[in-house]
Amino acid sequence: MADTSWMARIGARLVTNGYAILPIGPGTKKPGQFTRGAWADYPEWNRHAARATTEVEIATWSAWPDCGIGIVGGAVAAVDIDIAEDAELAFRIEQLARDRLGDTPALRIGKAPKRMLIYRTAEPFRGIKRHPLEVLCLGQQFVAYAIHPDTGAPYAWPEEGLADLDISDLPEIAAEAAAAFLDEAYALLPETLRQRNLATGIPSADHLRSHSQVGTLPAIEAALAWLPNAELDYDSWMRIGMALKGALGEAGADLFSDWSAQAAKDMPAITAKAWASFKPDRIGAGTIYHLAMERGWQPDAFLCLDGAAACDGEHPAAGLLSRLNVPSEQGGDTPVSPPFTLVMPDGLVGDLTEYMLTTARRPQPLLSLGASLCAIGALMGRQYRTESNLRSNLYVVGIADSGSGKNHAREIINEVFFEAGLAHHLGGNKIASGAGLLTALHRQPAILFQIDEFGMFLAAAADRKRSPRHITEILDNMTELYTAAGGIFLGAEYANRDGSNERRDINQPCLCVYGTTTPLHFWGALQGANVVDGSLARFLILPSDEDYPDENIAVGIRQAPPALIRGLQGVAAGGGHQKGNLIGKTADQNTTVTPMIVPLTDEARARFKALSVELTGELRAAAGTAFTAILARIGENALKLAMIVAVGRDPVRPEIDITAAD
């Protein structure tokens with residue numbers, strides 16, 4: 001067998017056959033990623049369920065050592081018969097599946113007699129479990145090609161493997177048929193094989209709304225007493241652990257440890273490691289309460305269930321705070337910093353942001369505002385400047401989890417730019433090299449790049465040890481272009497024997513970049529050198545304040561307001577001040593670029609002066625640390641944002657007043 005991974009050998013064939021795939025770490029059954037020379041968990045693998053696997057992903061994963069292949073559920077469903085004790089029963093249930101769901105040619109065996117049958121879905125549905133039987137589907141994955149961690153042998157496909165089967169060759173099933181099969185198959189199981197977990201029905205929306213994710217310690221302890229760990233299965237054990245951490249935070253660690261120890265198979269080291277890995281975002285107290293109530297728990301009237309609400313005038317987390325020896329708000333003198341309140345600007349910036357929010361299924365206000373500032377900054381590039389010659393070039397990164405709606409702003413910008421006849425200001429979705437970036441800017445000197453998976457891009461561009469030069473040059477060029485926005489960017493010199501490779505200079509380039517990424521990829525990509533050399537300090541980092549906002553199910557076909565389109569066109573035209581068809585349109589030194597100066601009012605000038613004095617003090621205090629690179633850019637970025645807001649209000653006679661400064 002060739003010394004190449006499963007991914008390198010058949011990954012592309014599986015995608016061609018219609019399957020969405022993902023990388024499986026060697027020696028495991030779960031998605032993994034090879035980063036910094038080692039395999040690690042891939043907690044955000046489920047983003048691959050929403051789209052087809054790309055050629056770039058296949059090429060990247062194929063280079064990872066010993067990379068296995070998993071199949072993403074959704075378009076396919078897998079009947080998992082996890083019965084090891086009775087080979088005859090496992091085969092009997094396989095035959096029942098073939099009779100009820102269809103005689104599929106795709107049979108996978110990992111550790112016999114356990115087996116799995118693969119089907120195509122009429123519509124994706126959520127997985128259904130009747131342990132030890134399960135139909136894996138939406139939001140789940142299964143290993144297709146890898147070395148089984150227990151047997152040390154490859155997963156077997158006795159009939160035909162998915163690499164040889166087009167997805168259309170699989171029998172089609174629906175959720176109803178899958179559920180009916182599981183009910184019938186489960187009836188065949190002896191009592192000794194039936195599930196021992198915390199399966200539950202789907203709670204009503206009203207019930208879920210009645211509880212916060214945060215709970216109180218007395219209520220959680222009372223509810224947990226109704227949920228004994230009677231050798232529960234792994235999924236139920238994990239679910240309780242996640243819910244406890246979501247309800248109590250780190251204060252729930254001892255409670256989880258004690259609860260887990262009720263089972264004879266408990267291993268304290270594994271329990272502690274699992275607890276450290278939990279990062280609950282939606283699961284919490286409501287799950288604990290609901291499971292306990294299903295088993296007969298009736299909360300005492302004096303119990304406060306919601307840790308986020310006041311209970312009889314006492315701080316709802318008073319008991320928890322006393323355990324942590326932290327003074328409560330009521331008894332302490334330490335001032336509490338007020339929460340950050342996002343105030344939307346008026347004018348064109350506010351109008352574009354509002355349009356993004358009203359058309360989004362999951363509105364993200366901070367990310368939408370950042371995208372709007374970037375978009376309008378690109379349109380007004382080379383048209384306006386501050387009194388100190390600052391320009392509107394911005395680098396903004398929006399951070400939110402997968403499926404949280406972070407891509408909507410980019411879609412809106414693409415649509416309105418095309419509708420306004422301004423698509424020439426849009427760069428491609430990816431930057432393939434430093435030279436490619438400069439070519440795009442030479443073609444259009446005021447340009448907006450919108451980059452998805454920016455964290456992965458940053459990791460590659462900043463890795464000077466392992467990434468090729470043409471990739472690391474992207475970040476180098478971005479750093480230089482940011483500073484050169486008010487002057488001339490001098491291109492690189494190359495051998496030019498035949499006169500076809502002249503140096504390409506760019507007069508007053510305006511490069512705007514709006515990237516979106518998940519927290520895991522972004523924070524994992526950061527390296528200290530990026531801060532010290534000033535490259536990261538040029539970015540405005542905007543983490544979402546709510547990864548999964550309430551869904552707006554009423555959104556549908558959208559049409560941009562005509563006033564919004566006219567406003568974008570007016571800013572791109574420089575308020576009508578530029579004369580001549582080619583004014584500012586070309587990139588070289590001979591082009592005429594005469595930006596309008598946007599003045600400050602006296603109040604705004606005083607505000608920025610006060611900010612400068614404050615930042616100077618902080619810079620002196622931070623001397624010799626990596627923070628100076630970031631502090632040095634705060635005032636500059638603030639003035640840029642104020643200018644963009646001012647131009648959005650009035651592109652003909654813009655002025656930075658105190659409201660724009662604030």
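The values are calculated or read from the model by the stated rules, or taken from the named source; none is laboratory data. None of the values given here were measured: they were computed from a predicted structure. Please note: Cβ atoms are built from the backbone with ideal geometry, for glycine as well, and neighbour counts cover all protein chains shown.
Sort through Ala122, Ala153, Ala146 and tell me the only one that's farther than 16 Å from Gly73 by Cα and either loosely packed, with under 14 Cβ neighbours inside 10 Å or more than 36 Å from the chain's Cα centre (by Cα) (or both).
Ala153
Leu170 passes all but one of (1) within 15 Å of Val79 (Cβ to Cβ); (2) exposed (fewer than 15 other Cβ atoms within 10 Å of the Cβ); (3) of a type in the set (A, V, I, L, M); which number fails?
(2)
Among what's in the range 173-187 and is surrounded by fewer than 17 Cβ atoms within 10 Å (Cβ to Cβ) and not in a helix (DSSP H, G or I), pick the residue that is modelled with the lowest pLDDT.
Here the answer is Ala187.
Within the set of pairs 6+ apart or on separate chains, which have a first residue in the range 597-626 that is at pLDDT below 85, a second that is loosely packed, with under 13 Cβ neighbours inside 10 Å, and C-beta atoms under 7 Å apart?
Ala626/Gly528
Filter the range 488-497 down to residues that are modelled with pLDDT of 65 or more and out of contact with any strand residue (DSSP E or B) (no Cβ under 8 Å at 6 or more places or on another chain) and give me whichever is surrounded by the fewest Cβ atoms within 10 Å (Cβ to Cβ).
Only one residue tops the list, namely Glu493.
Output yes when any residue across the range 466-474 is buried (at least 20 other Cβ atoms within 10 Å of the Cβ), among the β-branched types (Val, Ile, Thr) and modelled with pLDDT of 80 or more, and no when none is.
yes
Suppose we filter Ile283, Ile270 for residues that are out of contact with any Phe, Trp or Tyr (no Cβ under 9 Å at 6 or more places or on another chain), buried (at least 19 other Cβ atoms within 10 Å of the Cβ) and at pLDDT below 90; which single one remains?
Result: Ile283 is the single residue among Ile283, Ile270 that is out of contact with any Phe, Trp or Tyr (no Cβ under 9 Å at 6 or more places or on another chain), buried (at least 19 other Cβ atoms within 10 Å of the Cβ) and at pLDDT below 90.
Considering only residues that are under 20 Å from the mean Cα position of the chain (by Cα) and among the aromatic types (Phe, Trp, Tyr), look in the range 40-70 and name the one that is surrounded by the most Cβ atoms within 10 Å (Cβ to Cβ).
Applying the filter and picking the extreme gives Trp61.
Does the range 188-211 contain at least one residue that is modelled with pLDDT of 80 or more and of a type in the set (Lys, Arg)?
No; the residues of the range 188-211 include none that is modelled with pLDDT of 80 or more and of a type in the set (Lys, Arg).
Counting residues that are among the aromatic types (Phe, Trp, Tyr) and more than 25 Å from Leu193 (Cβ to Cβ), which helices (runs of 4 or more DSSP H) fully inside the range 208-295 reach at least 1?
253-260, 268-277, 285-294
Any residue at all in the range 432-440 that's under 22 Å from Thr517 (Cβ atoms), surrounded by fewer than 16 Cβ atoms within 10 Å (Cβ to Cβ) and under 19 Å from the mean Cα position of the chain (by Cα)?
no
Could you list, in sequence order, the residues of the range 16-60 that are assigned to a strand (DSSP E or B) and out of contact with any Pro (no Cβ under 9 Å at 6 or more places or on another chain)?
Correct list: Ile21, Thr35, Ala38, Ala40.
Could you list all residues from the range 127-143 that are buried (at least 20 other Cβ atoms within 10 Å of the Cβ) and either of a type in the set (Gly, Ala, Ser) or not in a strand (DSSP E or B) (or both)?
The answer is Pro132, Cys137, Gln140.
Given the range 351-470, what helices (runs of 4 or more DSSP H) lie entirely inside it while holding 3 or more residues that are within 24 Å of Ile541 (Cβ to Cβ), assigned by TED's automatic domain parsing to the domain that holds Gly486 and of a type in the set (Gly, Ala, Ser)?
365-379, 454-462
Could you please find all residues in the range 75-126 being in a loop (DSSP other than H, G, I, E, B), aliphatic (A, V, I, L, M), in contact (Cβ under 8 Å) with a residue 60 or more places away in the chain and under 19 Å from Leu170 (Cβ atoms)?
Ala75, Ala106 - these are the residues of the range 75-126 that are in a loop (DSSP other than H, G, I, E, B), aliphatic (A, V, I, L, M), in contact (Cβ under 8 Å) with a residue 60 or more places away in the chain and under 19 Å from Leu170 (Cβ atoms).
Residues in the range 3-12: is at least one closer than 26 Å to Gly403 by Cβ, touching a residue at least 60 places away in the same chain (Cβ under 8 Å) and part of a strand (DSSP E or B)?
Taking every residue of the range 3-12 in turn, none turns out to be closer than 26 Å to Gly403 by Cβ, touching a residue at least 60 places away in the same chain (Cβ under 8 Å) and part of a strand (DSSP E or B).
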